[in-house]
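J.: Have a look at this one.
The values are calculated or read from the model by the stated rules, or taken from the named source; none is laboratory data. Keep in mind that this is a model prediction, so the values were computed, not measured. Here the Cβ positions follow ideal geometry from the backbone for every residue, glycine too, while neighbour counts run over all protein chains shown.
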Amino acid sequence: PRHLLDFTEWTPERLTALLDNAETMGQVLDRPVKKVPALQGLTVCTAFFENSTRTRVSFELAARRMSADVVSFAAGASSLSKGESLRDTVEVLTAYKVDAYIVRHPASGAAHLVARYSGKPVINAGDGRRAHPTQALLDAYTIRQEYGSLEGKTVAIIGDIRHSRVARSNAELLPKLGAKVVLCGPATLLPVDLAALPGVTLSTDPKEAVRGAHAVMALRLQQERMSGGYLASLQEYAATYQVNDALLAEAESGAIVLHPGPMNRDLEISSDVADGGQSRILRQVENGQAVRMSVLYHLLVGRE
Ligand code: CP
């Protein structure tokens, strides 16, 4: 595929090649000089219409580590505030000879529009509640790093599934790599349509959800996307669904703990677990850079 918008067009073989290549990129990042010439002469634009820390910084570093020029477009400081449209904005950037776009946008489908308006390769860095494919890839990479393979593994994802592009992308990706996914949350935050995906089951019972799980992922309660009616109270949510020591004790012995970030500490995850020995949360962050280097390389240079 020319773009990474979601995983619809991606075969298990290509996805595995991406993860294998990320290991090579990780070796580059372990060197004293963390730079290769792979993208020399190419210009990558990070076009962020919604805030980000991890995705934006790691993509910019990933592109620079491969010697690309990087232009960072921040919506808040742009002429969008004067009423300029997304289409006109993308056409302006493309006129400056941008070779590829990395797009985050609050609207589902916005990355597809940038692909259409620009005619250039686009990587979706999170669109609304629809997809965040590089987050799911770095999650898969982190689980694979731990267990050697996703085959036969069970991943429980607990939290605000309804508003989560991370949950959707993991539910698409992990079964393609041989894992089972259990999505868990209160019924109001658990869209039933996701049960139609192969390898995915839903549960409103967190203890049932983590039983047999090799990885337990907590998701942020996206209060900015909840305009009312989804939760009776945050305290009640935490009492039942918080990923804490008691819940982790119900998972497979030694199960790893993931969170895409940013975290609401002591709401969807206890600080003890987030900072504990089974947590791989900072490992996820670290792996994000190597995985994003691999995606950029795959789309802009080739698949070897
Ligand atoms: N996980 C994630 O996408 O984090 P940022 O919003 O900080 O990029």
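J.: Among the residues of the stretch 220-263, how many are among the polar types (S, T, N, Q), surrounded by fewer than 17 Cβ atoms within 10 Å (Cβ to Cβ) and modelled with pLDDT under 95?
T.: 4
J.: Of all the residues that make up the stretch 154-167, how many are within 11 Å of Ala179 (Cα to Cα) and buried (at least 24 other Cβ atoms within 10 Å of the Cβ)?
T.: Total meeting the criteria: 2.
J.: Continuing with this model, one more query. Going by the conditions given, is Val36 farther than 24 Å from Asp160 by Cα and assigned to a loop (DSSP other than H, G, I, E, B)?
T.: yes
J.: Of the numbered conditions (1) outside any helix (DSSP H, G or I); (2) buried (at least 19 other Cβ atoms within 10 Å of the Cβ), Ser52 fails exactly one; give the number of that condition.
T.: Going through (1) outside any helix (DSSP H, G or I); (2) buried (at least 19 other Cβ atoms within 10 Å of the Cβ) one by one, Ser52 breaks only (2).
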